[in-house]
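Shown next, in structure tokens, is the structure this report addresses.
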Amino acid sequence: MAQMTVITGPQRRRRWSFEERRQILAAATAPGAVVTEVARQADICTSLIYKWLREEREPQGGAGFAPAILVDDATPPASAPEAAAIVVELAGGARVRIGAAAPAALVTATLRALR
């Protein structure tokens, strides 16, 4: 028989503790797990699990993506060859510098690897 939850009073939405969310996400991301089955067992919508996964993966410091524009220009800038055209700063403080003379394929591969 199905279980029914009756919510009384002014509160209409269920609240999930951090520990409950962590357990549900761990079950949903386990090898061989089916999100629909996990959602059914926890009596929640699958979209809520995906929302929690997105929130967990988003950076907390308000940092986000910036648009990158690749211009295929045959003439390199007149700056020194060791000057970096692109500097990517990683969360741990490390920096990746890509020179202005780097081929477009190398730049593309580097940025995809940092994704």
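When you scan the stretch 1-46, how many residues do you find that are modelled with pLDDT of 80 or more, of a type in the set (Ser, Thr, Tyr) and over 23 Å from Arg57 (Cα atoms)?
Count: 0.
Go through (1) at pLDDT 85 or above; (2) exposed (fewer than 10 other Cβ atoms within 10 Å of the Cβ) one by one and return the number of the condition Ala66 breaks.
Against the list (1) at pLDDT 85 or above; (2) exposed (fewer than 10 other Cβ atoms within 10 Å of the Cβ), Ala66 comes up short only on (1).
If you check every pair at least six apart or on different chains, which have Cβ atoms under 7 Å apart with a residue in the stretch 84-105 that is under 14 Å from Leu70 (Cβ atoms) and small (Gly, Ala, Ser) first and a residue that is modelled with pLDDT of 75 or more and outside any strand (DSSP E or B) second?
From residues that are under 14 Å from Leu70 (Cβ atoms) and small (Gly, Ala, Ser), the pairs are Ala85/Ala100.
List the number of the failed condition for Leu114; all other conditions in (1) under 29 Å from Leu25 (Cβ atoms); (2) at pLDDT 75 or above; (3) of a type in the set (A, V, I, L, M) hold.
(2)
The values are calculated or read from the model by the stated rules, or taken from the named source; none is laboratory data. Keep in mind that this is a model prediction, so the values were computed, not measured. With ideal geometry, Cβ positions are generated from the backbone for all residues, glycine too; neighbour counts draw on all protein chains shown.
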